[in-house]
Amino acid sequence: MATTFAIVGTGWRSRFFVRIAATVPDRMRVSGIVTRTNSRAEQIANEWGVPAFTTVDGMLESGRPDFVIVSVPWVATPGVTRELVDRGLAVLAETPPAPDADGLRALWSDVGASGLVQVAEQYLLMPGHAARLEVVRRQTIGDPTSVQVSSTHLYHAVSLIRGLLGVAYEPATVSARAFVAPLIDPLTPDGWTHDAVPRPATTTLASIDFGGRMGLYDFTDNQWWNPLRTRRIVIRGSAGEIVDDAVTRLHDPTTPIASALSRRQTGIDLNLEGLDLKHISFDGDVVYRNPFVGSGMSDDDIAVAAIAEATGAWARGNAAPPYPLAQACQDHLIALAIEESSRTGADVAVAREAWAD
C-alpha cells in the first residue's frame, strides 16, 4: 500500500520529501502542502507539481493522509505539532521537535501521551550506519561500550551514539570543549566558494558518559559539506571494534581477524545495471538491503524515504513506531548539554525526564 503524506511548511527539507515521493510514486504520494499565502501556494503547486493549500483544514478536505510532516522553523514546530495532534493526525516532525529544553518538556506534556508524534531522525537508517548497527546487534564485537562519531552535528550524532550503544534514557554527564583553527571551506550549501583562504573554524569535542558506556562527539563547522573534513565512526565493544567499514574481532582466543563491510554499488566502470546501491555484506552475509533498489537514490535520500515509509506503516497500524518523540527529545536534550558545556567549560548533567517513562 502506498504511503500518503502531507507537509506543513515549504523549507528546503520539504523539497527532499517531495523529490523522494516523485522518485518512487508507486510507494509514496504527497497529498498536499500547507503554506501561508495564496501566492506561495500557487507558486508551490506550479513548481513542485503537488496540491498546495493555505490551511490544514483545506488540505484535509482533499483527503486524510496517513500522516503530516512538520517542516517549519524550529520555533514554530511545537505549535504546528500541537495543532495537528489536536485534530487527531499522526505527525512526523522535523528535527529537533522543539528548540530548547523547556520547549521539549512543554511539548511532551502537551502531546506525549497522544502517541501520535514521530520525528524524522534518519541517520540510523542510512545504509552504512544501518549495516554497522546490524553487525553490532549480532554481537560480532561483543557488547558495545563506546561510540565515536565525527560526521554530523548535535542531535543527529547523539542519535547515532545512543542507537549504536543501545542506550535509552539513562542519565548522562556531558563534558565539551571548543577549539578554533584555520581551515579552507571550499564548498557550502550555496555551492563552491572559489576561496582557498583558511579562515577560523570551530571544532567541538564532547564526551558523553552514560555510566559504563561512552560517546565521543567530534564536529567541525560545515563538516557536512567541507570535502577537506571526512567522516569517521568508531564503535568499540567488549570483543572487538568497527572503524568505518573495517570490523576487527577474535576468531579464537589467539587469532584476531579483520573483515570489511562491502557495498554492492552498481553503475561503476563497465557495470550497466544503473547507478544504484543493492546491498551491504559482511563475511559473506547480507547485513543491509536497499529497500528502494532501482531508484538510484543517494544514501541520505534512502534514509529519508525509509523513515517516511516506516511512519506510514506505523500510522496505519502495521508497524512499530520508527522514532518516537521521546527518543528525539532525549537526543536534543543531550545536544543542548553539549552546547552548554562547550559554552561554559563545565560538565553538564542530563537527568531522567518525564518522557523516559
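The values are calculated or read from the model by the stated rules, or taken from the named source; none is laboratory data. These numbers come from a predicted model, not from an experiment. Using ideal geometry, Cβ is built from the backbone for each residue, glycine included, and neighbour counts are taken over all protein chains shown. Calculation scope for accessible area: heavy atoms of the full protein, side chains included, ligands and nucleic acids excluded. Shrake-Rupley method; radii C 1.70, N 1.55, O 1.52, S 1.80 Å.
Could you look at the chain and say what percent of its accessible area is carbon and sulfur, using a 1.4 Å probe and all protein chains?
Numbers: 8690 of 16360 Å².
On the chain, the fraction of accessible area on carbon and sulfur atoms equals 53 percent.
Quick check: from the Cα gyration tensor, does segment 240-333 come out rounded (a/c under 1.5), prolate or oblate?
On the way: a/c = 2.47, a/b = 1.23, b/c = 2.00.
Oblate shape, in that a/c is at least 1.5 and b/c is the bigger or equal ratio.
Given a 1.4 Å probe and the protein chains all in place, what does the accessible area of residue 150 round to, in Å² to the nearest 10?
10
Pick from 37, 255, 140: which residue has the top mean-square fluctuation in a GNM of the chain where Cα pairs under 10 Å get a spring?
Ranking 37, 255, 140 by mean-square fluctuation puts 255 first.
Students often get this wrong, so try it: which of (1) 165; (2) 146; (3) 173 is volume of the Cα convex hull per residue in Å³ as calculated from the structure shown?
Here the calculated entry is (3).
Under a Cβ-only charge scheme (Lys and Arg +1, Asp and Glu -1), can you give me the dipole magnitude of the chain about the Cα centre, in debye to the nearest 20?
On the way: 30 positive and 41 negative charges, 52 e Å.
Dipole about the Cα centre, nearest 20: 240 debye.
Between residue 194 and residue 47, what is the FRET efficiency for a Förster distance of 25 Å, r being their Cβ-Cβ separation, to the nearest 0.05?
On the way: r = 29 Å, r/R0 = 1.14.
According to the calculation, E is roughly 0.30.
What is the set of long-range amide H partners of residue 214 at a cut-off below 5 Å, with H atoms built 1.01 Å from backbone N?
Amide H to amide H, under 5 Å and 5 or more residues apart or across chains, residue 214 pairs with 146, 147.
For an R0 of 25 angstrom, estimate the FRET efficiency from the Cβ-Cβ distance between residue 232 and residue 264 and round to the nearest 0.05.
That pair, residue 232 with residue 264, gives E of 0.65.
Can you compute 3J(HN,Hα) from phi for each residue in segment 31-36, using the Karplus curve 6.51 cos²θ - 1.76 cosθ + 1.60 with θ = phi - 60°, rounded to whole Hz and x for Gly and Pro?
For segment 31-36, the Karplus-derived couplings read 7, x, 10, 9, 9, 7 Hz, x marking Gly and Pro.
Which cross-chain or sequence-distant (5 or more) residues have an amide H under 5 Å from the amide H of residue 32, H modelled 1.01 Å from N in plane?
7
Choose one answer from 125, 164, 250: the residue with the largest mean-square fluctuation in a GNM of the chain with alpha-carbon springs under 10 Å.
Of the options given, 250 has the highest mean-square fluctuation.
Just to check I understand the Karplus step: with θ = phi - 60° and J = 6.51 cos²θ - 1.76 cosθ + 1.60, what whole-Hz values come out for segment 324-337, glycine and proline as x?
The phi angles translate into x, 3, 4, 4, 5, 4, 5, 4, 6, 4, 5, 4, 4, 5 Hz.
Leaving out ligands and nucleic acids, note down the accessible area per residue over the chain with a 1.4 angstrom probe, in whole Å².
Value returned for the chain: 46 Å² of accessible area per residue.
Let me know the shape class of segment 301-357, please: from the alpha-carbon gyration tensor, a ≥ b ≥ c as square roots of the eigenvalues, rounded when a/c is under 1.5, otherwise prolate if a/b is greater than b/c, or oblate.
The shape class here is oblate.
Nearest 10 degrees is fine. How inclined is helix 101-111 to the longest principal axis of the chain, computing both from alpha carbons?
It works out to around 50 degrees.
Can you pull the Rg over Rh of segment 17-94, Cα-only, Kirkwood? Walk me through the numbers on the way to the answer.
On the way: Rg = 12.4 Å, Rh = 13.1 Å.
That ratio is 0.94, to two decimals.
Rounded to the nearest 500, what is the chain's calculated 222 nm mean residue ellipticity when only DSSP H runs of at least 4 contribute -39500 (n - 2.57) each, over all residues?
On the way: 9 runs with 110 residues, N = 357.
Only helices count here, giving -9500 deg cm²/dmol.
Report the charge-dipole magnitude of segment 1-152 in Debye, nearest 20, computed about the Cα centre from +1 at each Lys and Arg Cβ and -1 at each Asp and Glu Cβ.
On the way: 14 positive and 15 negative charges, 75 e Å.
That gives segment 1-152 a dipole magnitude of about 360 debye.
Which residue fluctuates the most in the chain, going by a Gaussian network model with Cα springs under 10 Å, if the choices are 133, 165, 60?
The residue with the greatest mean-square fluctuation here is 60.
Per residue of segment 272-285, in order, report the coupling 6.51 cos²θ - 1.76 cosθ + 1.60 (Karplus, θ = phi - 60°) as ³J(HN,Hα) in whole Hz, putting x for Gly and Pro.
10, 7, x, 6, 6, 8, 9, 6, 10, 10, 8, 6, x, 10
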